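Asker: One structure, as structure tokens, below. Some questions next.
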Amino acid sequence: MVSLEQIKTAQQRLRGIIARTPLIHYYPPADSDVLRDGAPQEEFFLKAESLQPIGSFKLRGAFNKVASLSEAERSRGVISYSSGNHAQGVAYAARVLGVKAVIVMPRNAPKIKIDATAALGAEIVFVGPASAERMHKAEQLAKQFGYAIIPPYNDEFIIAGQGTAGLEILEDCPNVDLVLVPVGGGGLISGVASAIKLSGSRAKVIGVEPELANDAQQSFRAGKIVQLAAERVSSTLADGLRTQSVGPLNFDHIRKHVDDIITVTEDEIRTAVGRIPREARILAEPSGAVTTAAWLFHCDELPPSTKTVAVVSGGNIEPQLLSQILSEETAGE
């Protein structure tokens with residue numbers, strides 16, 4: 001299990017590399033029905049990880065992991081597997097540290113993420129949509145060429161790096177009482193929940209994922225890891241959350257530090273993607289918008305709160321998709 005000291009060490013290692021992203025105060029429209037009846041006025045903040053150099057939180061864990069490697073390991077190069085944001089994080093870290101990077105990506109990854117990964121100098125190997133397929137391909141190439149594997153979530157250095165976002169939340173909002181975190185493979189929520197709970201905060205940490213990719217919720221309820229079919233998880237708009245199961249190490253952290261996991265629908269995700277840029281003036285890709293969707297549409301499933309922080313994990317959305325969603329929002333007014 002990751003310790004608070006490991007997360008603080010990662011915070012020092014990342015200084016000057018990542019952006020210290022702000023908490024953006026989000027004010028819903030006056031006619032919003034998101035506040036609970038009879039509840040005190042709630043403050044809602046967005047942790048804008050979309051403002052990172054690569055447009056997502058993934059740089060935190062990726063850089064922490066690559067920087068922890070020995071010189072001998074770095075000299076052989078690194079390999080990872082990702083649907084997009086972790087790919088960019090590894091490619092960015094490798095470029096900064098002068099390391100060769102190979103990334104295994106699904107062919108159906110958003111073009112904006114493929115292009116950005118290539119622009120950072122990484123060599124890309126394409127496979128099918130299954131998360132297990134890209135992991136197996138990366139393991140095969142690592143064995144063949146001696147690359148060091150930089151996993152997207154199931155690793156202590158990755159978890160500790162992602163946990164630095166949790167430390168920043170507590171620094172900027174010490175009396176936060178509810179933190180909403182997207183869940184894919186579980187690296188982000190493992191780190192954020194660990195940072196918050198190990199720091200002594202009494203804030204509740206709730207994971208959010210799409211209904212179509214609710215493996216983490218099913219696992220949390222069952223007390224054991226549940227794996228979903230690739231065809232099912234691939235159908236969610238939230239491409240960054242299309243993992244078939246959480247990592248074993250991540251599941252251990254989730255069981256220890258996370259209070260609950262809830263899900264949101266595809267329509268709710270689309271609505272949140274459209275509302276965030278209009279009402280908070282930042283971009284959120286579908287995976288990053290699930291937490292706002294939870295606050296907008298599922299307040300009855302959330303614990304009472306006067307200060308809530310929702311992590312917007314990334315903003316790497318295809319321009320055509322954003323334009324389509326914004327047009328739908330405008331047409332519906």
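Asker: Of all residues in segment 229-260, which are of a type in the set (A, V, I, L, M) and more than 22 Å from T292 (Cα to Cα)?
Answerer: Across segment 229-260, the qualifying residues are A229, A230, L249.
Asker: Okay, moving on. Among the residues of segment 171-181, is any within 23 Å of G84 (Cβ to Cβ), touching a helix residue (DSSP H, G or I) at 6+ places or on another chain (Cβ under 6 Å) and buried (at least 22 other Cβ atoms within 10 Å of the Cβ)?
Answerer: Yes - at least one qualifying residue is present in segment 171-181.
Asker: Please go through segment 222-261 and pick out each residue that is among the β-branched types (V, I, T), under 16 Å from I189 (Cα atoms) and buried (at least 20 other Cβ atoms within 10 Å of the Cβ).
Answerer: T243, V246, I254, V258, I261
Asker: Among the residues of segment 141-172, write down those that are over 20 Å from the mean Cα position of the chain (by Cα) and outside any helix (DSSP H, G or I).
Answerer: Hits for segment 141-172 are G146, Y147, A148.
Asker: From the list S219, S201, which one is in contact with a Phe, Trp or Tyr (Cβ under 9 Å, 6 or more places away or on another chain), surrounded by fewer than 24 Cβ atoms within 10 Å (Cβ to Cβ) and of a type in the set (S, T, Y)?
Answerer: Of the residues listed, the single one that is in contact with a Phe, Trp or Tyr (Cβ under 9 Å, 6 or more places away or on another chain), surrounded by fewer than 24 Cβ atoms within 10 Å (Cβ to Cβ) and of a type in the set (S, T, Y) is S219.
Asker: May I pose another question? I'd like to check something: does segment 253-260 contain any residue that is within 24 Å of G166 (Cα to Cα) and acidic (D, E)?
Answerer: Taking every residue of segment 253-260 in turn, at least one turns out to be within 24 Å of G166 (Cα to Cα) and acidic (D, E).
Asker: Against the condition assigned to a helix (DSSP H, G or I), within 17 Å of G314 (Cβ to Cβ) and within 18 Å of the chain's Cα centre (by Cα), how does A87 come out, does it pass?
Answerer: Taking the combined requirement at face value, the residue satisfies it.
Asker: Could you count how many residues in segment 55-76 are small (G, A, S), within 20 Å of E123 (Cβ to Cβ) and in contact with a helix residue (DSSP H, G or I) (Cβ under 7 Å, 6 or more places away or on another chain)?
Answerer: Residues that pass the stated criteria total 1.
Asker: D259 is checked against (1) within 21 Å of Q217 (Cα to Cα); (2) out of contact with any Lys or Arg (no Cβ under 7 Å at 6 or more places or on another chain) and fails just one. What number does that condition carry?
Answerer: (2)
Asker: For T271, are the conditions met, namely being over 21 Å from Y81 (Cβ atoms), buried (at least 21 other Cβ atoms within 10 Å of the Cβ), more than 18 Å from the chain's Cα centre (by Cα) and among the polar types (S, T, N, Q)?
Answerer: Against the criterion (over 21 Å from Y81 (Cβ atoms), buried (at least 21 other Cβ atoms within 10 Å of the Cβ), more than 18 Å from the chain's Cα centre (by Cα) and among the polar types (S, T, N, Q)), T271 qualifies.
Asker: Could you look through segment 311-333, keep only residues that are surrounded by 16 or more Cβ atoms within 10 Å (Cβ to Cβ) and polar (S, T, N, Q), and pick out the one that is modelled with the highest pLDDT?
Answerer: Looking at the filtered set, the residue picked out is S313.
The values are calculated or read from the model by the stated rules, or taken from the named source; none is laboratory data. Keep in mind that this is a model prediction, so the values were computed, not measured. All Cβ positions, even for glycine, are placed from backbone atoms using ideal geometry, and neighbour counts span all protein chains on display.
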